[in-house]
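The values are calculated or read from the model by the stated rules, or taken from the named source; none is laboratory data. Predicted model only: the values in this text are computed from it and were never measured. Every residue, glycine as well, gets a Cβ built from its backbone with ideal geometry; the counts of neighbours run over all protein chains shown. Ligands, DNA and RNA are excluded from the accessible area calculation, which covers all protein heavy atoms including side chains. Shrake-Rupley method; radii C 1.70, N 1.55, O 1.52, S 1.80 Å.
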Amino acid sequence: MTLKSLTYTSLASLDLTSEDVENILRSAREQNAIEGITGLLVFNGTHFMQVVEGSTQAIDDLVERLRRDRRHSGVEIRDQREIQERFFPDWTMELVRVKSRYREAQQRLRTALPEALPPAVGERLVAMTASISGDVDLVD
Ligand SMILES: Cc1cc2nc3c(=O)[nH]c(=O)nc-3n(C[C@H](O)[C@H](O)[C@H](O)COP(=O)(O)O)c2cc1C
């Protein structure tokens, strides 16, 4: 079966509470277990970055639901590719909370990623946190 991996970023709605995020995670895990979707959800307090992987149909359907979801807006697809095997086989959805500062977000994400993840994939995700970070200071 062809697998698709898709990464997007979005802006959390202003009134989103920590409890809302927990609810998103809980129902995402339930739904993803049924749909055969796995992945990673990064939240920095204002923005989301999410990797979802599964059958092309399951991922395309999820993206449609995500675009209608009022708990966030500005869903922007950053990467989509065909994959041979899952990058996050053990996670029906894993939440990683990071700081809004780029450097701290990068460091936190690095430690949270699965050990078996190909380094190039991990570095691509870590670099992508720049697009949701409020304070991108590449130079010390
Ligand atoms: C940041 C964010 C991440 C989400 N991740 C998932 C997910 O991984 N899987 C999922 O089924 N729904 C996820 N949802 C919820 C979907 O947008 C949608 O509400 C849910 O699939 C139910 O859709 P329905 O009400 O149209 O049936 C997420 C929502 C948000 C705001």
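Data table
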item: Solvent exposure of region 1-132 as accessible area per residue, Å², 1.4 Å probe; result: 54 Å²
item: FRET efficiency, 1/(1 + (r/R0)^6) with R0 22 Å, evaluated for Q107 and N23 via beta carbons; result: 0.20
item: At R0 = 22 Å, FRET efficiency that the Cβ-Cβ distance of R71 and S100 yields, to 0.05; result: 0.75
item: Solvent exposure, largest accessible area first (probe 1.4 Å, DNA, RNA and ligands not counted), of D79, D90, D20; result: D90, D20, D79
item: Computed magnitude of the charge dipole of the chain (debye, nearest 20; Cβ of K, R +1, Cβ of D, E -1); result: 140 debye
item: Net +/- balance of residues flanking A58 in space, Cβ distance below 12 Å, scoring K and R +1, D and E -1; result: -3
item: Carbon + sulfur, % of accessible area of the chain - ligands and nucleic acids excluded, 1.4 Å; result: 48 percent
item: Coarse-grained scattering of the chain at q = 0.12, 0.15, 0.19 Å⁻¹, given as base-10 log I(q)/I(0) from a Debye sum over alpha-carbon atoms; result: -0.44, -0.71, -1.17
